[in-house]
Amino acid sequence: MNYSTLTLQGTFHETQPPRTSPLSIGVSSGKAFYFDFFLLQVQDLLRRPKVGTVLVHCAPDFAPGAYAGAEAVREQLQLLVAGGKDLVFFAKEYGLLQLYLGSVATRRVIHPVGAVAALGLARNFTFLKQVLDRHKITATVVRAGRYKAAGDRFRVDQLDPFNQAQHEAILDTVMAEYSEKIAPGLSLEGRIFSAAEAVEAGWVNETNTWEDLLEGWKNPKSKNKEYKPRRLKPRFGSGAKIALLQFEGGIKNGENSRDFLMGQMIGSSTFIPLIQKLRKDKKIKGVIFRVNSGGGSALASEDISRELDCLGAAKPLVVSMSEVAGSGGYWIATGASRIFAHRTTITGSIGVISILFSIKEFLASHGITHSVIRRGEYSDLGSPYREPNEGDTDIISSYTNKLYSMFVQKVAQTRNIPEPKVTELAEGHIYSGQDALTLGLVDEIGGIPSAIEWMKTKLGVSSVQVVFGPKPKTPLLWRLLGSQTGISSPASVPVLVEELAKSYLGQVQGRPQAMMEDVRGV
């Protein structure tokens, strides 16, 4: 019998981040799990009828950024089982994540000294307000929406009732998903089993080490042969050609960049030409737009959204939401003919926020003073050297509310929901994909496979070829320079300080943002 292996390791990403500078090519950011490559691996195995067994190794450091990443991976594993593969799932220890992923497997294997821990779910929140207060740094948060929590780490020192309520609802949905798929009717809270106890109780099927498990399959006497895929091309299937266009990261004006605090930032100037290329490509009959973004610049979100509207007018456009598609990430998704979300996707966050930081008193406390010459009372509005007054916040609040109204109107028009109803469910409120379906913010629960099936129906075909991209090209000079840099960490503390300043003072300071709080690492 032929067999193959799949490895779940590192932090979940939809795709490898685009290069943003020649130096970024050599940067080491730790191990990463790229879902698009995993999807190609699964599709390749489905085309191999001689491969009867797939061994899945879930490494201890495998970490979906948010809950829907696990749901997307499980959906792919389920395709292997539906395709007739015997799926053997191995993890040294099992928590809810491993139990959830392994619930589709034919056999679940645990290390002999491992444990199964069904302890429930927790989400931690960190607040910086007291630190800022102590150092005399002020953060003025202007937000449209009671639930808009992107600035809460600076605004308050604990969860307020609104933010707590929306995260409680998210955890309820995730816990329901885990319970239904792992062990319907059984408690997943406060239980730890040794490996032997877990086998006896039926949580797993056997104990073994990964090495011994592999050795058993590699044993020459078994006549098993391991299938190792060749280099996989960024496409699968056959038939009418459709594109899978991926968007992962924050949203900004200009070109792509890598931000010290906010991570990968997708620039409208970089991304819009990719949309235009797909619209003009007559070979591409439809587009699946895969979104994994918590938003960012409201202006850039609208620019991208308008270009997607043009694409949708030319050919079928469907959105597939990944882990997060909130605020600006939802803004750019609204124009699609159909929106799919995972049950545990975090979406919504229809709201706008502005943050004004002032370091004037902080500098003064260290003997650093500052002078400014103005022509106009508000000419330096947004400067970190200015202490915001009531007039400043009135100006920012007025513009923030105007953008919020535009956001609400856009959702009302594209989703065909009465504007008063959108206003009621907006206010920056985040929702699980399941709740978003109930509210009409998305159309169906499902991942990329569901979006593909919808596209087949829309095009009136029985099969499609899915091609990934397009993606921004990396200039040859960048590749040549990057291959020789080998940078693995920031150079010095001054660099860290400079990047910290750029993150918030450069990206957010005084600029209304369609941005939600970071929900990664949950």
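The values are calculated or read from the model by the stated rules, or taken from the named source; none is laboratory data. Keep in mind it's a predicted model, so treat the numbers as computed, not measured. Counting neighbours? That spans all protein chains shown, and the Cβs are built from the backbone with ideal geometry, glycine included.
Listing for the model above:
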read-out	value
Long-range neighbours under 8 Å by Cβ, at least six apart or interchain, first residue touching a residue at least 60 places away in the same chain (Cβ under 8 Å) and closer than 15 Å to S4 by Cα within the range 219-241, second of a type in the set (K, R) and surrounded by fewer than 13 Cβ atoms within 10 Å (Cβ to Cβ)	N224/K218; E226/K218; Y227/K50
Subset of the range 108-148 [closer than 26 Å to E189 by Cβ and touching a Leu at 6+ places or on another chain (Cβ under 9 Å)]	R108, V109, V116, A117, A118, L119, G120, L121, A122, R123, F125
Yes/no for A66 being over 27 Å from T209 (Cα atoms), surrounded by 21 or more Cβ atoms within 10 Å (Cβ to Cβ) and of a type outside the set (S, T, N, Q)	yes
Verdict on E189 being closer than 19 Å to E93 by Cα and exposed (fewer than 15 other Cβ atoms within 10 Å of the Cβ)	yes
Checking A150 against (1) over 20 Å from the mean Cα position of the chain (by Cα); (2) within 30 Å of Y100 (Cβ to Cβ), the condition it does not meet	(1)
The range 107-133 - residue that is out of contact with any helix residue (DSSP H, G or I) (no Cβ under 7 Å at 6 or more places or on another chain) and outside any helix (DSSP H, G or I) and, of those, surrounded by the most Cβ atoms within 10 Å (Cβ to Cβ)	A117
Residue check for E211: assigned to a helix (DSSP H, G or I), assigned by TED's automatic domain parsing to the domain that holds L96, at pLDDT below 95 and not hydroxyl-bearing (S, T, Y)	no
Filtered residue count, the range 437-477, keeping only those that are within 27 Å of the chain's Cα centre (by Cα), of a type outside the set (S, T, N, Q) and at pLDDT below 95	6
Criterion: within 20 Å of the chain's Cα centre (by Cα), modelled with pLDDT under 95 and in the same structural domain as N416 (by TED's automatic domain parsing) - qualifying residue of G348, G295	G295
Single residue of A70, A63, A32 found to be at pLDDT 95 or above and not acidic (D, E)	A70
Qualifying residue in the range 92-107 (condition: closer than 18 Å to P64 by Cβ and aromatic (F, W, Y))	yes
Residue ranges of strands (runs of 3 or more DSSP E) in the range 32-100 with at least 1 members in contact with a helix residue (DSSP H, G or I) (Cβ under 8 Å, 6 or more places away or on another chain)	51-58, 86-91
Hey, A139 in contact (Cβ under 8 Å) with a residue 60 or more places away in the chain and over 26 Å from the mean Cα position of the chain (by Cα) or not	yes
Verdict on V408 being surrounded by 18 or more Cβ atoms within 10 Å (Cβ to Cβ), without any contact (Cβ under 8 Å) to a residue 60 or more places away in the chain and not assigned by TED's automatic domain parsing to the domain that holds P17	yes
Odd one out for F407, checked against (1) modelled with pLDDT of 95 or more; (2) touching a Ser or Thr at 6+ places or on another chain (Cβ under 6 Å)	(2)
